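The values are calculated or read from the model by the stated rules, or taken from the named source; none is laboratory data. None of the values given here were measured: they were computed from a predicted structure. Ideal geometry is used to build each Cβ from the backbone, glycine not excepted, and the neighbour counts take in all protein chains shown. Side chains are part of the model used for accessible areas, which takes the heavy atoms of the whole protein and leaves out ligands, DNA and RNA. Shrake-Rupley method; radii C 1.70, N 1.55, O 1.52, S 1.80 Å.
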Amino acid sequence: MGTPTFGGIPEAALDFYEDLEADNSKTFWAAHKHVYDEAVRAPVAALAEALAEFGPAKIFRPHRDVRFSKDKTPYKTHQGVFVAVGPSAGWYVQVDAAGLMVAGGFYAATSEAVAQYRATVDDDVRGSELVRIVTDLERAGYERGGDRLKTSPRGIAPTHPRIDLLRHRTLTVSRQFGCPPWLSTPDCADHVAAAWREMAPLVEWCRQVL
């Protein structure tokens, strides 16, 4: 059997994660796995198929890796999908109790990649290009995020005109859609695709640099 046609993210998916946040246990999961499979996993897989123009998607597993974490709750309280264009760079969409969230950029990097990112931001042409991209996205309602230093990177003056971006070790933009009326309809895929296209300049910039 192939992936079913995408019909939207049902409200039952949000309800499932709200209940999982209240009882993140193997007992709850075993009793409600059919809800996850039907209301979360299947619609999200169909959404990934509907977004195939962006590339192959990775649907993250629901189990948390708790080996090195103080938090031993066994299950993630969200379902994520990632389409990569390079090492740790690409587009992301997530469903959780709050609804739908989209993001793009790069979420992890080696020390060598971070050095390359900062060297590119330091360049007046490519760095100014990134400033324009991020500014445009913020004006369009996206929120800038990522891991960043509180102080200036070593060897970079705190007066650098792009010091704010140079502090980043990862760089993303995101938008929380929540639970709009179109979430449970096929139009949801169009809204995610439109957001990903808006984020494409940042994703492409990251692909070229990292």
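List of remarks:
- When the inverse distances between all different Cα atoms of the stretch 1-41 are averaged and flipped, the Kirkwood radius reads 11.0 angstrom.
- Neighbours of residue 129, meaning other residues whose beta-carbon lies under 14 angstrom from its beta-carbon, give a summed charge of -1 when Lys and Arg score +1 and Asp and Glu score -1.
- Solvent-accessible area, 1.4 Å probe, carbon plus sulfur percent, for the stretch 1-91: 54 percent
- Pairs of Cα atoms nearer than 8 Å and 6+ residues apart set the relative contact order; for the stretch 10-108 it is 27 percent.
- 28 Å Cα-Cα reach of residue 26 towards lysines, excluding residues that sit fewer than 8 places from it in its own chain: 58, 70, 72, 76
- FRET E, pair residue 71, residue 164, Förster distance 41 Å, beta-carbon r, rounded to 0.05: 0.85
- Net charge contributed by nearby residues that have their C-beta within less than 13 Å of residue 151 (K/R +1, D/E -1): +4
- Longest segment of the chain lacking trypsin sites (Lys or Arg not before Pro) that sit in a DSSP loop with at most 13 other Cβ atoms within 10 Å: 73-149
- Taking a ≥ b ≥ c as the square roots of the eigenvalues of the alpha carbon gyration tensor, the stretch 20-89 is oblate, as a/c is not under 1.5 and a/b does not beat b/c.
- Global geometry of the stretch 57-210, whether rounded, prolate or oblate, following the gyration tensor of its Cα atoms and the 1.5 cut on a/c: oblate
- Contour excess over end-to-end distance, with Cα ends at residue 22 and residue 116 and 0.36 nm allotted per residue: 29.6 nm
- Among 54, 68, 177, the largest mean-square fluctuation in a Gaussian network model of the chain (Cα springs under 10 Å) belongs to 68.
- Gyration tensor verdict on the stretch 155-210 (Cα atoms; rounded if a/c is under 1.5, prolate if a/b is larger than b/c, oblate otherwise): prolate
- Of the residues 172, 120, 5, the one with the largest accessible area comes first in the ranking 5, 172, 120, computed with a 1.4 Å probe on protein heavy atoms.
- Counting Lys and Arg as +1 and Asp and Glu as -1 over every other residue whose Cβ lies under 14 Å from the Cβ of residue 197, the net charge comes to -4.
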